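The values are calculated or read from the model by the stated rules, or taken from the named source; none is laboratory data. Computed from a prediction, not measured in an experiment: that's the story for all the values here. Glycine also receives a Cβ, built like all others from the backbone with ideal geometry; neighbour counts cover every protein chain displayed. These area figures cover heavy atoms from the full protein model, side chains too; ligands, DNA and RNA do not enter into them. Shrake-Rupley method; radii C 1.70, N 1.55, O 1.52, S 1.80 Å.
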Amino acid sequence: QVQLVESGGGLVQAGGSLRLSCAASGRSFSSYVMGWFRQAPGKEREFVGRIVWSSGSTYYEDSVKGRFTISRDNAKNMVYLQMNSLKPEDTAAYYCAARRGDLGNWDYWGQGTQVTVSA
C-alpha cells in the first residue's frame, strides 16, 4: 500500500551538501505530515524536521536550523531534504516517515539511506 523510498545518501566532506529524496506512493498524501529522522549507531532515532503536505509548512530541530530545508513536489509525490554545511555529527542513517495530520503516530517509514560526513 503506502511505500516510502529514500535515495541520495552518500559520503561527503564537512561543509558539503547533499539532497535526499523520498518517493511517496500508494495514496494521496494531502492530509499527511511528512517527516525526516536520523539515527547514528548506538544512539536513539532523532527527529530532524517535518513538512505539512497541504500547506508546505515546515519545522526543524535546532541542530539543523539554517542548514537543512524540507520541501515537497505535489505533482511528483516527492519530499526532499536539502542538507547544506554538513558536519561530521550529521553522520547517520536518514529515514523518511509519514503520519496523518490529526494523529501523533508515525505510521509509515522508508528503508533509510546512509549519510556519512568526513572531517
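Using the beta-carbon distance between SER118 and THR58 and R0 = 41 Å, what value does 1/(1 + (r/R0)^6) give for FRET efficiency, to the nearest 0.05? Efficiency for this residue pair is about 0.90.
Across the chain, the mean sequence separation of Cα contacts (distance under 8 Å, 6 or more residues apart), normalised by length, yields a relative contact order of 35 percent.
Taking the Cα centroid of the range 36-71 and of the range 1-35, what is the distance between the two, rounded to the nearest whole Å? Each part's Cα centre sits 11 Å from the other's.
The portion of the accessible surface of the chain made up by carbon and sulfur, rounded to a whole percent, is 44 (1.4 Å probe; DNA, RNA and ligands excluded).
Here the label points at GLN39 and ARG99, each 7 Å from Cα along the C-beta direction, are separated by 1.6 nm in the simple model.
Taken per residue, the accessible surface of the chain reaches 52 Å², heavy atoms only and a 1.4 Å probe.
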